[in-house]
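A.B. asks: Got a structure for you, written out below as structure tokens; questions coming shortly.
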Amino acid sequence: MKKLLFFSSMLCILLSITSCATFLNDNYKHVTVYSNIKNATIILNDSLYTSPASIKVKRDNKPLKFTLKSDSLNLSKEFLIKSKSKGAFVWGNLPMTIAAPVGLLIDVTNEKRFEYPSIIHLNYFDENLTVKEMRAARHKYFTENEDYMEDYAQELRREERAKAFEKNKLRTKGDIIHNYILPGLTVFNARPEGPKMNTAGLMKVGYGMDYLYKDNMFVNADVILKTNFFDPIFSTIFLKTRIANPELSITNNHRLNRFEVGYGLSFQYFFYFTSVRCIGCSSERPEFAGDLITEQKPNIKEGYFTLSPKIKTAYQLNRRLYVGAFYQPSLLKFSSSSNNTGVDHIFGIDFRFKAKSSKKFNQ
């Protein structure tokens, strides 16, 4: 049971923290496209835009094919804009390639790891220029139009972000919201059968779902695995006491603008394992050579179920990222020991991504 719990927790945590591009990136990106042809028409996927334009494109490893046209000047030219791997894919996965290759495989097979330039300049006159001449022409164009283009691009991005945020913030009856729980601080103030336990960790992972039964009220169900690990590798070697705390919780929540507050019940399994053979753990040694070597203390492990009330709050930082706090004191303990009657206090900080489902459930 011990090996299964800790192997499962390590697998889930490694998957969650190494699939960086998959979690951090959207499927689509807004790019600002402009040209040095006044009032030119930009064509992408049979859609027409007037330069300058803000265009929503899907992340892909294939290049974007733009056509720049001017009917008044009788001009037409095609451009291919290649994609590249986003930084989150590189810095999030390469350091963990050996430790967690599964996360790398998830991102490699996901098109979210690609991105296109945020600002795309379609220069009609640079076809026969050398690299040096093309850079000089581009620098001259940027110098002459920098203030206008930057202000325009910034304004477009602000409008797009505001619209996207309002769309994501707006919740209506019947909406289904996916929750992806990220690593965050968890404090364990436990009272098992043995000694009192005060420890904390950062590693946790989980999934939840919100259902809005009113425009400003929703029911949330979470499945979360919390641990007292501060990292997915060294904590399994150096920690003397290791905790795995899976839970299933259901809460009723109220929403006001960016704030959320909820209350409900949590059904948990609290398991801890204290080892005497970890690196850095103290061991009994004889005071002098004539002493008899006493038997080494055995490992200690215990597991029991608890039913706890749960109180939580959250604040929406941007379109999808939320930060909040939670508190869960044990109300009932289902333990085989009659001495395990103390109240466990589990609380901490909660980070999660929330994404609205395209499907809507209406009664």
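The values are calculated or read from the model by the stated rules, or taken from the named source; none is laboratory data. No experiment lies behind these values; they were computed from the predicted model shown. Reconstructed Cβ throughout: ideal geometry from the backbone, glycine too, with neighbour counts over all protein chains shown. Just the protein is used for accessible areas: all its heavy atoms, side chains included, with ligands, DNA and RNA removed. Shrake-Rupley method; radii C 1.70, N 1.55, O 1.52, S 1.80 Å.
A.B. asks: For a Förster distance of 22 Å, can you work out the FRET efficiency between the beta-carbons of Leu332 and Ile311, rounded to the nearest 0.05?
C.D. replies: 0.85
A.B. asks: Once you have the Cα-Cα distance between Ser275 and Tyr263, take 0.36 nm times their residue separation minus that, and quote the gain in nm to one decimal.
C.D. replies: 0.7 nm
A.B. asks: Could you tell me the calculated FRET efficiency between Thr172 and Ser47, based on Cβ-Cβ distance and R0 = 35 angstrom, to the nearest 0.05?
C.D. replies: Here the calculated transfer efficiency is 0.75.
A.B. asks: Along the Cα→Cβ direction, 7 angstrom out, place labels at Lys359 and Arg158. What is the inter-label distance in nm?
C.D. replies: 4.0
A.B. asks: Right, next: Report the calculated FRET efficiency for Met217 and Thr341 (r = Cβ-Cβ distance, R0 = 51 Å), to the nearest 0.05.
C.D. replies: E between Met217 and Thr341, to the nearest 0.05, is 0.90.
A.B. asks: Also, quick follow-up: Going through region 23-65, which trypsin sites (Lys or Arg not before Pro) have at most 14 other Cβ atoms within 10 Å and a DSSP loop state?
C.D. replies: Qualifying residues, ordered by number: Lys38.
A.B. asks: Kindly report the accessible area of region 214-275 per residue (heavy atoms of protein chains, probe 1.4 Å, no ligands, DNA or RNA), in Å².
C.D. replies: 44
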